[in-house]
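Novice: This is the structure, below, for whatever I ask next.
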Amino acid sequence: MSAKIIDGNAVADEIKKRVSSDAAELTATGSKPHLTAVQIGENPASKIYTNMQAKACESVGIEYELLNLPAEISQDDLLAKISELNASAETTGIILQMPLPAQIDARKVQIAISPVKDVEGMHPENMGRLFYGGGVVAPCTPMAAVELLKRTRPDLAGAETVVVGHSEIVGKPIAMILLQSPDAAPTVTLCHIATKDLASHTRRADVLIVAAGVSQARWLSYRRRKKAGEDVRVPDLSPLISAEMIKPGAVVIDVAINRIPKGFDENGEPVKNEKGKNAMQTVGDVDFESAARIAGAITPVPGGVGPVTVAMLLANTVATAKAFG
Ligand code: NAD
C-alpha cells in the first residue's frame, strides 16, 4: 500500500484565504485585527519565528507588532506591560515568544494575558472551555493536527485513536478537541513516557497522532552531556514510531519537529555540511519512508502540521478580534 501524503501547505493556504477575507471584513468595519508579539531579549531562533509571523500576518491583512523588551526585564515589569496590552484598544491579540529568560515565570505571564486576547489558546480559561465543547480559540498545534485528520477521515465516530504525547500544549488538548462531538467522537487513548509496550497501543490505532519529540530530546541531552565532558555514546536518533508499529491503512498525523544531525563522525561529532556547520535535518517521530508504505494517509515533516499551525494562529487572531475586538 502507498499512503496518501497529507499536504499541510495546501490546507494552510486554504485556511489563510478564509482568514484573509475575515480580516478584510473586520478592517472594513473599523476593528482591524492587530497581533502584538512580546519578545524578551534577543534570540536568533525566535527572530526567525517572529519574521515568519510578521510575513504570515501581512499576507492575510493582520497588523503585526513586535514588542522587544530587554533581556533583564523583571517579572513585575513584564506583567505591567502585559496589563497595558490587555487594556490597549489597538492590540486584539497577544503572543508571548519563547524562550523566556530565567527570572520570568512563563506560566504566570501566560495566565496574565487576557483570555480574550489569547491567540495561542493557552490561557486556563480557554483550555477549560475545551472541556465544555470549545470556546472562541484553542491551542494552534492541536487544532492543526485535528484539522488535517478531519479532512482526511471525516467520520471519526468510535475510531481507535492513539495520541502519543500528553503535554499541556499538544497531546492533552488534542484529546479534548477530539472528544468534543458528543455522538461522533473517536475512542481516544493517550500514551506517554510511562506507557508500557507503546507498540501494542499504536498497532491497533485507526488514527495515530504522534507528538513526543524523542529524537530531538535525545540529541539535546547528548550534546549537553558531551559539552559537560561526560563520556557519552552517540545516541540512537531513529524515529520513535517504526512501520511495524502502524496498523495497515491507519491515518498517521506526525506533529513532532525534531531538528537533529544527519549523522556523526568517529569522534561522536555531527557530520558537517559544505559550509563547515553541523549538517542537520528536520524529521518527525514517525519513520516516514517505511510508514508511508503501510499507512493509509500520513503527514510529512516538514510540510504537514507545521504550516497549518501557523494558519491556526492567524485564524485565532481573527477569531478573537471578531468576538471581542
Ligand atoms: P513535550 O516535551 O512537552 O512532551 C513530550 C511528550 O512525549 C510527553 O507527553 C512525554 O511523556 C511523551 N514522550 C516522550 N518520550 C516518549 C516515549 N519514548 N514514548 C511515549 N511517549 C513519550 O513536547 P511538546 O511540546 O508536546 O512537543 C511534542 C513534539 O511536537 C515536539 O517534537 C515538538 O517540536 C512538536 N511540536 C510541533 C508543533 C508544530 O507546529 N508542528 C508545535 C508544538 C510542538
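Novice: Yes or no: segment 68-78 includes at least one residue that is on the phi < 0 side of the Ramachandran plot, surrounded by 15 or more Cβ atoms within 10 Å (Cβ to Cβ) and touching a residue at least 60 places away in the same chain (Cβ under 8 Å).
Specialist: Within segment 68-78, none of the residues are on the phi < 0 side of the Ramachandran plot, surrounded by 15 or more Cβ atoms within 10 Å (Cβ to Cβ) and touching a residue at least 60 places away in the same chain (Cβ under 8 Å).
Novice: So Ile177 ticks every box in (1) closer than 18 Å to Ala315 by Cβ; (2) within 14 Å of the ligand (Cβ to nearest atom); (3) of a type outside the set (D, E, K, R) but one. Which box is left unticked?
Specialist: (2)
Novice: Applying the selection to segment 223-239, what residues are within 16 Å of the ligand (Cβ to nearest atom) and touching a Lys or Arg at 6+ places or on another chain (Cβ under 8 Å)?
Specialist: Within segment 223-239, Pro235, Asp236, Leu237 meet the criteria.
Novice: Tally time: how many residues in segment 91-146 are open to solvent by 50 Å² or more (accessible area, probe 1.4 Å) and out of contact with any Pro (no Cβ under 6 Å at 6 or more places or on another chain)? Break it down stepwise before answering.
Specialist: As a first pass, look at segment 91-146 and keep what is open to solvent by 50 Å² or more (accessible area, probe 1.4 Å): 98-99, 102-103, 105, 107-108, 111, 116, 124-125, 129, 131-132, 136.
Checking which are out of contact with any Pro (no Cβ under 6 Å at 6 or more places or on another chain) leaves us with 98-99, 102-103, 105, 107-108, 111, 116, 124, 129, 131-132, 136.
Total meeting the criteria: 14.
Novice: Output the residues belonging to segment 147-165 that are outside any strand (DSSP E or B) and either modelled with pLDDT under 95 or surrounded by fewer than 19 Cβ atoms within 10 Å (Cβ to Cβ) (or both). Step through it out loud before you land on a result.
Specialist: Applying the first criterion (outside any strand (DSSP E or B)) to segment 147-165 yields 147-159, 165.
Within segment 147-165, Lys150, Arg151, Thr152, Arg153, Pro154, Asp155, Ala157, Gly158 meet the criteria.
Novice: Across segment 1-44, what is the number of residues that are free of Cβ contacts under 8 Å to residues at least 12 places away in the same chain, closer than 18 Å to Pro307 by Cα, open to solvent by less than 80 Å² (accessible area, probe 1.4 Å) and of a type outside the set (A, V, I, L, M, F, W, C)?
Specialist: The total comes to 0.
Novice: Also, quick follow-up: When you scan segment 166-269 for helices (runs of 4 or more DSSP H) that lie fully inside it, which ones turn up with 1 or more residues that are loosely packed, with under 14 Cβ neighbours inside 10 Å? Write out each step before concluding.
Specialist: Values: elements: 171-178, 198-202, 214-227.
Fully inside segment 166-269 and qualifying: 198-202, 214-227.
Novice: Let me ask something else about it. Here's a check for you: in segment 281-325, which residue that is polar (S, T, N, Q) and not in a helix (DSSP H, G or I) is farthest from the ligand (Cβ to nearest atom)? If you could, list the steps in order and put the result at the bottom.
Specialist: Our first condition is that a residue be polar (S, T, N, Q); within segment 281-325, this holds for 281-282, 290, 299, 309, 316-317, 320.
Now narrow it down to the ones that are not in a helix (DSSP H, G or I): 281-282, 299.
Values: Gln281: 14, Thr282: 10, Thr299: 9 Å.
Residue satisfying both the conditions and the ranking: Gln281.
The values are calculated or read from the model by the stated rules, or taken from the named source; none is laboratory data. Computed from a predicted structure; not experimentally measured. Here the Cβ is made from the backbone with ideal geometry for all residues, glycine too, and neighbour counts use every protein chain on show. Side chains included, ligands, DNA and RNA excluded: accessible areas come from the protein's heavy atoms. Shrake-Rupley method; radii C 1.70, N 1.55, O 1.52, S 1.80 Å.
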